[in-house]
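Worksheet for the structure shown next.
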Amino acid sequence: MIEIKILIDANNEEKDIIFNSILLENIDNKSVSINKEKAEIVIRANTLNKGRAIMNSYISWIYTIMETIKKVSKNDRKNSS
């Protein structure tokens, strides 16, 4: 079994946005746990390929969220949450 931890290093507002935006897929329920307090996503998979695939999916999601935050900030728009 392989274990991968994704740690989020961001300010509290960004962490809130990220963790409120990430939806745990039903297919990932047995493989992924999300801990908002520790700002981490833990992936446990039976094979390296499955672990990497899941990891890449969540990293892509986080990257998209962070890029959106940057674009909104650059345009001086306020977060509507």
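The values are calculated or read from the model by the stated rules, or taken from the named source; none is laboratory data. This one's a predicted model, so the numbers in the text were calculated from it and none came from an experiment. Positions of Cβ are generated from backbone atoms using ideal geometry, with glycine treated the same way; all protein chains shown enter the neighbour counts.
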Checklist entry - Pick from segment 19-38 the residues that are polar (S, T, N, Q) and touching a helix residue (DSSP H, G or I) at 6+ places or on another chain (Cβ under 7 Å): which of them is modelled with the lowest pLDDT? => result Ser21
Checklist entry - Do any residues in segment 52-72 that are more than 12 Å from Ile18 (Cβ to Cβ) have Cβ atoms under 7 Å from those of residues that are in a helix (DSSP H, G or I), where the two are at least six apart or on different chains, and which pairs are they? => result Ile54/Asp28
Checklist outcome for this item: Asn12 passes all but one of the listed conditions (1) over 10 Å from the mean Cα position of the chain (by Cα); (2) in contact (Cβ under 8 Å) with a residue 40 or more places away in the chain; (3) within 29 Å of Ser73 (Cβ to Cβ); the exception is number (2)
Checklist entry - Looking at this structure, is Ile41 out of contact with any Pro (no Cβ under 6 Å at 6 or more places or on another chain), part of a helix (DSSP H, G or I) and either surrounded by 13 or more Cβ atoms within 10 Å (Cβ to Cβ) or modelled with pLDDT of 90 or more (or both)? => result no
Checklist entry - In the set Lys15, Lys5, which member is among the charged types (D, E, K, R), modelled with pLDDT under 95 and out of contact with any helix residue (DSSP H, G or I) (no Cβ under 7 Å at 6 or more places or on another chain)? => result Lys15
Checklist entry - Listed residues Lys71, Lys50, Lys15; which is among the basic types (Lys, Arg), out of contact with any Pro (no Cβ under 9 Å at 6 or more places or on another chain), part of a helix (DSSP H, G or I) and surrounded by fewer than 11 Cβ atoms within 10 Å (Cβ to Cβ)? => result Lys71
